[in-house]
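The values are calculated or read from the model by the stated rules, or taken from the named source; none is laboratory data. Model, not experiment: these values are computed from the prediction. Positions of Cβ are generated from backbone atoms using ideal geometry, with glycine treated the same way; all protein chains shown enter the neighbour counts.
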Amino acid sequence: MSRFIVIILIMAALLFPLTAAADGNVPDAAAAIGKELDNQLMQRFTGSSAGFNSSSQKSARANIMIMGTTAANINNLEQASGLARQMTEEISRWLVNRGYRYDEIRKGKAIRFDVRTGEFILTRRVPELASTIGKGQAILAGTYIVSGDDVRFTYSLISTNGNEVLAKASGTVPITPDLKPMLVENYGGGMSPTVYTRLR
């Protein structure tokens, strides 16, 4: 009987990491990254852990304006994926819900209307931006790497007054079938090389 219990416990211990990895979807990984960034900022600016949520922490969060950028492929900083863009959206959502201010740098000058596709205010075309000057105390920037069955994200909150990293956190997302289309540079033939060769 005791041998049977030992076998069950060993099997449970071996399967636990697989279960934990399966639960690491994009919103959960973003929340974990957001919590770690928040905790580090609160330690830095209020001297206490984020779990207390005191009035001084609420005030500190309300005074920190964050600008978000898209996480880049660590092997090619000129390349990003839909998953990287979505991860930034999820982290910024978590930070705003926590009380931080967020500067939407993609806001256009006017709402664009298209009969077929809808109404749009966000843009990546510089001439159409409402402002080309961002305002804030920190920039959310990150990198990611695709390895095997996972995507590893690392995000930093960088001071706008210099290159100092105010907080840094990482998270891993398993590549499930629904996420593969969001990694176009690795799946479906959209891969971009990081090294080019010129034939002579």
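Things worth noting here:
- Given (1) exposed (fewer than 13 other Cβ atoms within 10 Å of the Cβ); (2) under 18 Å from the mean Cα position of the chain (by Cα), index of the condition I66 fails: (1)
- Inspection of the stretch 78-98 finds no residue satisfying the criterion of being touching a residue at least 12 places away in the same chain (Cβ under 8 Å), loosely packed, with under 12 Cβ neighbours inside 10 Å and either under 21 Å from D38 (Cβ atoms) or out of contact with any helix residue (DSSP H, G or I) (no Cβ under 8 Å at 6 or more places or on another chain) (or both).
- Enumeration of residues in the stretch 65-96 that are of a type in the set (A, V, I, L, M, F, W, C) and in a helix (DSSP H, G or I): L83, A84, M87, I91, W94, L95, V96
- If the condition is being under 20 Å from R106 (Cβ atoms), touching a residue at least 24 places away in the same chain (Cβ under 8 Å) and in a loop (DSSP other than H, G, I, E, B), then the stretch 120-171 contributes S131, G134, K135, G136, Q137, T160.
- Residue count for the stretch 24-61, restricted to those that are loosely packed, with under 14 Cβ neighbours inside 10 Å and closer than 16 Å to L157 by Cβ: 2
- Any chance A72 is closer than 30 Å to S147 by Cα and either surrounded by 15 or more Cβ atoms within 10 Å (Cβ to Cβ) or modelled with pLDDT of 95 or more (or both): yes
- Selection status of G68, over 17 Å from K168 (Cα atoms) and in contact (Cβ under 8 Å) with a residue 40 or more places away in the chain: no
- Conditions (1) free of Cβ contacts under 8 Å to residues at least 60 places away in the same chain; (2) assigned to a loop (DSSP other than H, G, I, E, B); (3) of a type outside the set (S, T, Y); number of the one not met by K109: (2)
- One residue stands out among those in the stretch 104-127 that are under 25 Å from I74 (Cβ atoms) and among the charged types (D, E, K, R): the one that is surrounded by the fewest Cβ atoms within 10 Å (Cβ to Cβ), which is R124.
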